[in-house]
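In what follows, a structure is listed as structure tokens, so that the remarks can point back to it.
Derivation of every value follows stated rules applied to the coordinates shown; laboratory data play no part. Computed from a predicted model, the values in this text were never measured in an experiment. All Cβ positions, even for glycine, are placed from backbone atoms using ideal geometry, and neighbour counts span all protein chains on display.
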Amino acid sequence: MKHSVIAIGLDSVDPLFLEDWMSKGYLKTLATLKEQGAYGRLINNEYYKGESAWTSFLTGCLSSKTGYWSKTKFDPINYQANKIGDHGAYDYREYSPFYALGDDYRVAMFDMPQTTIAENVNGIQAVAWGAHAPMISRQSQPPELISELVAQYGDHPADCLHHRDRSDWYNLASVDKLKKELEIGLERRTAMTKDLLARERWDLFLTNISETHTFMHYFWHLSQKEHPLYQPSSVDPMLEYFKAVDHSIATILTEAPEDANIIIFSAHGMGENASDVLSSVVLPEFLYRFSFPGKSLVKSQNLGVKLPKPLTPKNRNLSWFLALYDLKNEPDPLAGVLRSIAKIIPGRFHRNLAQFYKNLSKITGSIHTELFQWHPGDWYKPFWPKMKAFYLPGFSDGYIRINLQGRESKGIVPVADYDAVCNELIKELHLLKDARTGKAIVKKVVRTRSSATDNDPKLPDADLVVLWEDWAVDVVDSPTYGRIGPVYFNRSSAHRDRGFVIAKGPNIHPGSKLAQGHAVDLSATILELMGAPVAKHLDGQCLTYADGSSLVPKEQQEKVFVSVS
């Protein structure tokens, strides 16, 4: 027997502050759903957590099975981290989205990130209207659907499709602009979602409120007192926005059938940003110094020098990654001259200037470091072939690749020395300290391979993954390699491997607590609540109550556990 399921994702919403705000009565809709149903926390991948969470949920499979860890794949021949496909998303060829259920089930999927227009879906699909980092071109099934929605309700004002849903904390005009865009985007999303939900009784209606992801990245420091950039104000902008999200959910659910199962969830969460600076600035610089002792690309203080307050760029109109260039020791004088020129010409000409530099570098044989790249880890690309280990640009944890002989085309670390180099790096990483507090900043270093010759194609590109402690750091001390920084803070929150689920339905016990599950359990749970078949390849299983009993009644389970070819 079919049971309608309405599943609404709250992108990157963290259970810690959500629980606090629900308990204080700020989020009335969510608190009511929690009281009327079951609530529990989820975990997700411990590492590559910012890159892989949505793919794990959408396939119901762990990254070790799909082989998808990040939007880029490292090519050891030319030392390039190349985007996967056209936009970086998993291709879903081996494992389809869990909601591709064939003709027997009517499914609506609206604006889920990092997915695809899947075959074998009987219903409607629309992607890349306003999802954060959609990693797919805008399209729909039927093809005209997305254009009709935009014509009726409008486009997303933050232009998420081109990754312009961002601001810089030191540029108040950009912060205010983004806030207004996200407010309008939420209003339009609510209207669109309500419209689609009302069109028929869906067996599964799956959607996501993506604005929460962006809002937390850029407004965390204006809400959470622990952040070093926090400034007290009469209004907490993040709380006010989440009240609007809570109202959006209430509005959407006015179109839900009375007997529908309602799932509100987050596949991963957020906390104070411990990764933007540490992973993309400190770690690549540390590895550069590890390979070239005495050299540095990041301008830094000497150990023991009194620290200034957190730095603010002199030119507040520059984006973070462009402002960082002022903190770079440029080994090529020509690059320094061109960066000075870039400050007085319109940004649309920067690409031409960078191409001019690349062409001239080939002629002159000068050192070619990256100009105007959004990721500071790219500064070090020209040096990767000569480094023992280098940083692979990512979006959350610290990813280290050993420059291994026989694997990398210009590898310099013998296979026999692989373990020794890994062990030396791990030891030095654990000695890194927050220069402001003296506290160690590395929580854990994960080795992803059992040996140097472990070349399973589904392993991540990184040999080592650095997991940082959970607070914002702008300057780091190493007893071996000196001080790195201070550097400018970037986004004020970053991803955590925790999420949550609220489940309400006719057979779900009110006020109950769920045992901790994994994000891959969500897809199996949704399918079982629908009364739909659960494919054997799914890594997840139905969520359970705290006492171990299943969320789905036994008589319904017996009709569910079948193979899907």
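Return 262, 252, 341 ranked ascending by Cβ neighbour count within 10 Å, so the fewest neighbours appear first. Write out the running numbers ahead of the final one.
Values: 262 21, 252 25, 341 11.
The fewest-first ordering by Cβ neighbours comes to 341, 262, 252.
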- line: Amide H contacts under 5 Å for residue 474, restricted to residues at least 5 apart in sequence or on another chain and with H modeled in the peptide plane, are none
Note, ³J(HN,Hα) from phi for the range 87-100, Karplus 6.51, -1.76, 1.60, rounded to Hz, x at Gly and Pro: 10, x, 7, 4, 8, 6, 7, 7, 10, 7, x, 4, 8, 7
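Sorted by average packing, counted as other Cβ atoms within 10 angstrom per residue and highest first, what order do 462-469, 404-411 take?
Details: 462-469: 22.5, 404-411: 16.1.
Top of the packing list down: 462-469, 404-411.
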Cross-link reach list, aspartates and glutamates versus residue 439, counting only Cα pairs under 19 Å and skipping chain neighbours closer than eight places: 226, 272, 276, 397, 428, 469, 470, 474, 477
query: Cα-Cα over 30 Å: which of 309/443; 28/444; 83/194; 24/536; 328/444; 314/433?
result: 28/444; 83/194; 24/536
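Let me have the 222 nm mean residue ellipticity of the chain computed from DSSP H runs of 4+ only, each contributing -39500 (n - 2.57), with the sum over all residues rounded to the nearest 500. Each step should come with its number before you reach the end.
Values: 15 runs with 159 residues, N = 565.
Result for the chain: -8500 deg cm²/dmol, rounded to the nearest 500.
Take each of the peptides 50-56, 124-130, average the number of other beta-carbon atoms within 10 Å over its residues, and list them starting from the highest.
On the way: 50-56: 26.0, 124-130: 23.6.
The packing order, highest mean first, is 50-56, 124-130.
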query: When the convex hull of the Cα atoms of the range 91-173 is projected onto a plane and the area is averaged over all directions, what value comes out in nm²?
result: 6.8
message: Given bins 10 angstrom wide, list per bin the percent of all Cα-Cα distances in the range 286-331, short to long.
response: 22, 43, 31, 3
statement: Farthest towards the positive end of the dipole of the range 116-191, among 124, 185, 139 and with Cβ unit charges of +1 on Lys and Arg and -1 on Asp and Glu, lies the Cα of 185
statement: For residue 388, counting only lysines whose alpha-carbon sits under 16 Å away and dropping same-chain residues fewer than eight positions off, the answer is 295, 410, 427
Computed magnitude of the charge dipole of the chain (debye, nearest 20; Cβ of K, R +1, Cβ of D, E -1): 1900
- prompt: Setting aside same-chain residues fewer than 8 positions from residue 180, which aspartates and glutamates have a Cα under 17 Å from its Cα?
  reply: 155, 159, 165, 168, 211, 236, 240
query: Can you list the residues, at least 5 places off or on another chain, whose amide H is less than 5 Å from the amide H of residue 124, using H built in the peptide plane?
result: 107, 108, 109
- prompt: Which FRET efficiency value, to the nearest 0.05, is calculated for residue 234 and residue 344 with the Förster distance at 35 angstrom and r the Cβ-Cβ distance?
  reply: 0.30
message: Using each residue's phi in the range 514-521, evaluate 6.51 cos²θ - 1.76 cosθ + 1.60 at θ = phi - 60° and report the 3J(HN,Hα) Karplus result to the nearest Hz, with x for Gly and Pro.
response: 9, 5, 4, x, 10, 4, 5, 6
- request: Per residue of the range 26-41, in order, report the coupling 6.51 cos²θ - 1.76 cosθ + 1.60 (Karplus, θ = phi - 60°) as ³J(HN,Hα) in whole Hz, putting x for Gly and Pro.
  value: 6, 10, 5, 5, 5, 5, 5, 4, 4, 5, 7, x, 10, 9, x, 9
query: What residues qualify as long-range amide H neighbours of residue 505, i.e. H under 5 Å apart, gap of 5 or more or another chain, H built at 1.01 Å from N?
result: 262
task: Compute the long axis of helix 49-59 from its Cα atoms, compare it with the longest principal axis of the Cα atoms of the chain, and write down the angle in degrees, 0 to 90, nearest 10.
output: 30
